[in-house]
């Protein structure tokens, strides 16, 4: 990613999910490492804002997409990301306006 000068985009929800375990165990050192990781200029952490909320409403018209997945897709869609990488093969079959490509992690060009 760094060699190609890619820019990683993720949502604040992702950061929250990553912090669940270290917060539960009180692992302050790991919490600090995650904060530092997401604070680098090559990573954008997006909030779920009004633009994303509108995209979420459109995405949730497909009831096969779970709300948490729709939040992630909506944040990416509202930012116009090129590539959305997911662990969920089911999502890689979806077409979401504003996202050029959705692929599973096993097939991602990383």
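Taking only the C-alpha atoms of the chain, Rg followed by Dmax gives 14.6, 41 Å. If R0 is 25 Å, the Cβ-Cβ spacing of residue 87 and residue 53 corresponds to a FRET efficiency of close to 0.55.
Taking the three principal axes of the alpha carbon atoms in segment 59-110, the coordinate ranges are 30, 21, 15 Å, sorted in descending order. Report summary: the helix-based calculation at 222 nm, which adds -39500 (n - 2.57) for every DSSP H run with n ≥ 4 and divides by the residues of the chain, gives -13500 deg cm²/dmol.
Each reported figure results from applying straightforward, stated rules to the coordinates on display, with no laboratory input. If you're wondering where the values come from, they're calculated on a predicted model, not measured in any experiment. Note: ideal-geometry Cβ built from the backbone for every residue, glycine included; neighbour counts use all protein chains shown.
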